[in-house]
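The values are calculated or read from the model by the stated rules, or taken from the named source; none is laboratory data. Fair warning: this is a prediction, and the values are worked out from it, not measured in the lab. Methodologically, a virtual Cβ is constructed for each residue, glycine included, from the backbone with ideal geometry; neighbour enumeration extends over all protein chains shown.
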Amino acid sequence: LDIPENPIVPIIHGDGIGTDVGPAAQKVLNAAAEATGREIAWMRVYAGESGRERYDENLPDDTVNAIDEFRVAIKGPLTTPVGAGFRSLNVALRQTLDFYANVRPTYYLDGVPSPMKAPEEMDMVTFRENTEDVYAGIEWEAGTDEVEQVREFVEDEMGFDETMHDGPIGIGIKPITEFGSKRLVRKAIDYAIEHDRDTVTLVHKGNIMKFTEGQFGDWGMEVAEEEYPDEEVFAAPDSLWETQDEVDIPEDAVMVEERLADAMLQWMQLRTDEFDVLAMPNLNGDYLSDAAGAQIGGLGIAPGANFGDARVLAEPVHGSAPKRAGQNMANPTAMILSGRLMFDYMGWDEAADLVRDAVEETISSGKVTYDLERQLDDAEKLGTEEYAEEIVA
Ligand code: NAD
């Protein structure tokens, strides 16, 4: 991205603990920028509760336009009110600006409690398709005309007869497009090339869902085969069924391979060090990235970002945790490391490294927020602000 020297960066602090972690993250990111000769001109923008207060709207146009125009932005969590009629604000933001890839790095920070035997081996980045799949929300409630129209067909296909079943059926549609699959896989491959990663793994369930998940794999492999030179990207044939140990991969090339989603959840834990960049349809990405995050410290730590074409919106994985809101308790690490991901996207490598090192040094010195403190022996519990100040120091 061609980023100005002192860019304007829109920031939404967010609802609930967003009011704690937003300002704390800003402080740390400012310090890292300053220490590396940069400066960020923050532009506070509003959504969720703060949007309703100032604009009487959940997602004001000013906010969407600012992110659209300035192209690099960061947000805290937004509460999705329970009940009918509320579309998730997060989904609305992602759709309006076509952030089609949800990106989550999962890497181990020294000192973080983890259930894994060798958590330090985990260093993956997941690319989850963000606009399609069963999450497109195309579904019909049992009893509606739409369901009744296809009911007979569905029952036939499933081999039902009336002795087994004449009750309600809900129906959903799983759209996976060539366009959506290919642009997601392209983003993942480009990322792998830029960051000197060895592999891109396409994770799908194509053995069962051939024309949706299977196509995702085929289209992804097509991108690898047709759009990059062999020395740069090597599409591993038959990687679903055979190990790739024997395959002759050109030196320095990124290998693109496929794995079945269920097996992948195992491999991720048993052979953690084999995986680098993962690309997958929406539902697989949701489950897999949460499971990966839990291995290296969970929600308080897990950063993320939404990538579009020439646009990024960084955001922590966690929600607004209303129970902890406004108490100077929440862990701002996820929001801070989301800022790091934003720096990385901007090409501010030095500032990005500094953020990671400072966070790691703070945690490994035993100075942590309540969520980690209760899992560690001999740790010192700090409030959100004090923890951020420690990172800055
Ligand atoms: P949550 O992530 O808010 O909380 C789950 C648990 O994790 C809670 O026990 C909470 O205390 C803990 N936790 C989360 N973040 C933490 C942090 N930074 N430090 C310490 N502890 C932390 O998930 P939820 O309770 O399912 O959702 C609450 C609200 O957030 C809902 O309205 C939901 O829609 C929204 N949400 C928003 C986003 C987003 O904005 N991207 C993501 C997920 C959930």
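Before moving on, here are some points about what is shown:
- Test set (1) surrounded by fewer than 20 Cβ atoms within 10 Å (Cβ to Cβ); (2) under 30 Å from V185 (Cβ atoms) - D357 fails condition number: (2)
Residue-by-condition table, conditions (1) under 23 Å from the mean Cα position of the chain (by Cα); (2) under 28 Å from V355 (Cβ atoms); (3) of a type in the set (D, E):
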| residue | (1), (2), (3) |
| --- | --- |
| G48 | yes, yes, no |
| D56 | no, no, yes |
| L59 | yes, no, no |
| A73 | yes, yes, no |
| T79 | yes, yes, no |
| A92 | yes, no, no |
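- Restricting the first member to the range 194-209 and to residues that are of a type in the set (A, V, I, L, M, F, W, C), and the second to residues that are surrounded by fewer than 19 Cβ atoms within 10 Å (Cβ to Cβ) and not in a strand (DSSP E or B), the beta-carbon pairs closer than 8 Å and six or more apart or on different chains are M209/K174.
- Residue in the range 114-124 that is at pLDDT 90 or above and surrounded by 23 or more Cβ atoms within 10 Å (Cβ to Cβ) present: yes
- Condition met for A305 (more than 15 Å from the ligand (Cβ to nearest atom) and touching a Leu at 6+ places or on another chain (Cβ under 6 Å)): no
- Lone unmet requirement of (1) under 19 Å from the mean Cα position of the chain (by Cα); (2) under 19 Å from A101 (Cα atoms); (3) surrounded by 20 or more Cβ atoms within 10 Å (Cβ to Cβ) for T272: (2)
- Single match in G298, G319 (criterion: under 15 Å from Y108 (Cα atoms), surrounded by fewer than 23 Cβ atoms within 10 Å (Cβ to Cβ), touching a residue at least 40 places away in the same chain (Cβ under 8 Å) and within 15 Å of the ligand (Cβ to nearest atom)): G298
- Sole exception among (1) within 16 Å of the ligand (Cβ to nearest atom); (2) within 24 Å of the chain's Cα centre (by Cα); (3) in a helix (DSSP H, G or I) for Y387, by number: (2)
- Under the condition of being in a strand (DSSP E or B) and either within 12 Å of V125 (Cα to Cα) or in contact with a Ser or Thr (Cβ under 6 Å, 6 or more places away or on another chain) (or both), the residues counted in the range 256-292 number 7.
- Scoring A310 on the criteria (1) modelled with pLDDT of 95 or more; (2) small (G, A, S); (3) away from the ligand (no atom under 16 Å from the Cβ) leaves a single failure, condition (1).
- D290 free of Cβ contacts under 8 Å to residues at least 60 places away in the same chain and within 12 Å of the ligand (Cβ to nearest atom): yes
- In this structure, L109 does not satisfy being touching a Lys or Arg at 6+ places or on another chain (Cβ under 9 Å), part of a strand (DSSP E or B) and either free of Cβ contacts under 8 Å to residues at least 40 places away in the same chain or on the phi < 0 side of the Ramachandran plot (or both).
- Here N284, N331 are screened, and the one residue that is crowded, with 24+ Cβ neighbours inside 10 Å and either within 11 Å of the ligand (Cβ to nearest atom) or free of Cβ contacts under 8 Å to residues at least 40 places away in the same chain (or both) is N331.
- Residue within the range 232-248 that is more than 14 Å from D198 (Cβ to Cβ), buried (at least 19 other Cβ atoms within 10 Å of the Cβ), in contact (Cβ under 8 Å) with a residue 40 or more places away in the chain and not hydroxyl-bearing (S, T, Y) present: no
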